[in-house]
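> Have a look at this one before I ask anything.
The values are calculated or read from the model by the stated rules, or taken from the named source; none is laboratory data. Being a predicted model, the structure only gives us computed values, none of them experimental. A quick note on method: Cβ atoms are made from the backbone with ideal geometry, for glycine too, and the neighbour counts reach across all protein chains shown.
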Amino acid sequence: MTQIEKYIWLIGKLKTFSTGLTLQELSDAWSLKMEGESRLNGESLDRQTLKRWRDGIYKAFNISIISKRVSSERYVYIIENPEKIDGKNVESWVINSLSIFNTLNAYRRLDDRIVSDFVPRGIEHLQSSLEAMSASCAVRLTVKSYSGSEFIIVAAPYALRQHNNRWYVLCQVDNFDSLQLYALENVTNVELLNDRKFKLPHDFNADEYFSRFFGVTIMENVKPQLVKIRAWGKEAEQIRALPIHPTQEELPSEGEECADFRYFVAPTPDFMNYLLGLGSNVEVLEPKQCRFEMELKVKTLGNRYFGWPFDPDPSKITLKGNFVAYDIKCANEEDYSTYSFAVAIVRNYEIVLKFHSFVRPEPFNLECIDDDNIIKEKLSDAPCFPEVWNQVKDDISDLPLVSFFGMDEVSLKATLAYYSINHPDSDRTFVNVAEVVQPILGQDVPWMTRSSIAALSGIEVTDKPTETSGAEFVAYLALRYM
């Protein structure tokens, strides 16, 4: 038995008996363990040995084991800082993992009767990621998506997160305004860029950052809001015993047979799908748009399995987290007079590319543009639309094109037709997100403006918009509702 295994055994024993154990009780428990493992000549646990173990544990895990007087003649040993092994910190994860290994290793003869999940790919990149974080140097990540495509990014690794036995790295990626999260199992190579340092923002806190979300769907523009659910039967007991989110709060319910819970969390797809996975004994009560989203999910399932008379929006079937959100602006009354074109390309529910370019409009008159000499100068030297389209056409591929309003679709189709790039009646899918969102949020949304939809959807509109902000906003709405 290694020294670390002995330390883990002592920590586990004192964690189980949180009121403390005497030296004699610890010594007897250790002798019993040695006897059970046929180690009759093993090390005995006396006061001096215990002192060495306590010192070693403090150095290795920063866990303090102290002697506490509970009566005139009785002293017990307890863990002085139990939060080190009960919290969400690294020590807790390491100790629990080692404890499991220690316990299972003692019963290796039962190996064929113990079943566990597969160890995920990507953990070989943990050390490189940690080295980069420690040295504050950027990394070049080669990422392979689930669809098989591969891309390379340069990023500053801010934090690591474990979820559902998988590891993820949170990065600030070049040319991205918001932080991005990548599964290490999708990373095929990590290269440390020692000559490129980054500075972690002084106000960044990993726990605080992730506390807004459930799971690993990070949508920074989706604000946390109060979500209320009702649960019955064993699901209510399960939720009570194993809280879904740290903000979980149980509310007074209407009867003993059910329980109401409230959360302050961003209602991302991960969160809504988790609630759906809890089954028919869990109901989303508030807010209205979350309840409507759940209704659509349930109706779609009913249609798929039982043929219920429900015709879901075809866009909800075709997108599947892979689409191109775009924002297009015209310079005059001609629908094909595009002067600004921005896209946010989404694959596997993540924005993987943002692009914007000014376009020299045809015809070149600027009736719909404010008298801004800077913009006019940019447009006079800007490329024509075919040149701009060629820069992103391979990334756009045959993905569905998602806009905010129908007029955006009219403009893009007209521009593509004008330059003979793509016939407007081709098989390419066009979707207008406002048409999808309106029945969910209600018919009374004033003018269906971006600001009104953002407010009702809990999506935060940035105070400092960029050229791709419009396309990103469309992408977030599509990810939320489609």
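> Kindly indicate whether any position in the stretch 173-191 is modelled with pLDDT of 90 or more and either in the same structural domain as Ser128 (by TED's automatic domain parsing) or aliphatic (A, V, I, L, M) (or both).
No; the residues of the stretch 173-191 include none that is modelled with pLDDT of 90 or more and either in the same structural domain as Ser128 (by TED's automatic domain parsing) or aliphatic (A, V, I, L, M) (or both).
> Follow-up. Report yes if some residue within the stretch 196-208 is at pLDDT 85 or above and in a helix (DSSP H, G or I); otherwise report no.
Within the stretch 196-208, the subset at pLDDT 85 or above is 196-206.
Next cut, in a helix (DSSP H, G or I) only: 206.
Looking for residues that are at pLDDT 85 or above and in a helix (DSSP H, G or I), one finds at least one in the stretch 196-208, hence yes.
> What residue, of Tyr209, Tyr182, is under 21 Å from Ser136 (Cβ atoms), aromatic (Phe, Trp, Tyr), surrounded by 13 or more Cβ atoms within 10 Å (Cβ to Cβ) and in contact with a strand residue (DSSP E or B) (Cβ under 6 Å, 6 or more places away or on another chain)? Before the answer, list the steps.
Details: Tyr209 fails: in contact with a strand residue (DSSP E or B) (Cβ under 6 Å, 6 or more places away or on another chain).
From the options Tyr209, Tyr182, the qualifying one is Tyr182.
> Need the failing condition index for Val402 against (1) at pLDDT 65 or above; (2) closer than 25 Å to Ala331 by Cα; (3) assigned to a loop (DSSP other than H, G, I, E, B), just the number.
(3)
> I've got another one for you. Does Ser380 satisfy the condition of being among the hydroxyl-bearing types (Ser, Thr, Tyr) and within 16 Å of Tyr326 (Cα to Cα)?
Against the criterion (among the hydroxyl-bearing types (Ser, Thr, Tyr) and within 16 Å of Tyr326 (Cα to Cα)), Ser380 does not qualify.
> Can you confirm whether Met482 is modelled with pLDDT of 60 or more and more than 30 Å from Glu286 (Cβ to Cβ)? Walk me through how you get there before you give the answer.
Numbers: modelled with pLDDT of 60 or more: yes; more than 30 Å from Glu286 (Cβ to Cβ): no.
So Met482 does not fit the description; no.
> Please work out which residue is farthest from Tyr476 (Cα to Cα), limiting yourself to the stretch 220-246 and to residues that are at pLDDT 90 or above, buried (at least 17 other Cβ atoms within 10 Å of the Cβ) and touching a Pro at 6+ places or on another chain (Cβ under 9 Å).
The qualifying residue farthest from Tyr476 (Cα to Cα) is Lys228.
> Can you tell which of Gln127, Gln162 is polar (S, T, N, Q), part of a strand (DSSP E or B) and at pLDDT below 85?
Exactly one residue qualifies, and that residue is Gln162.
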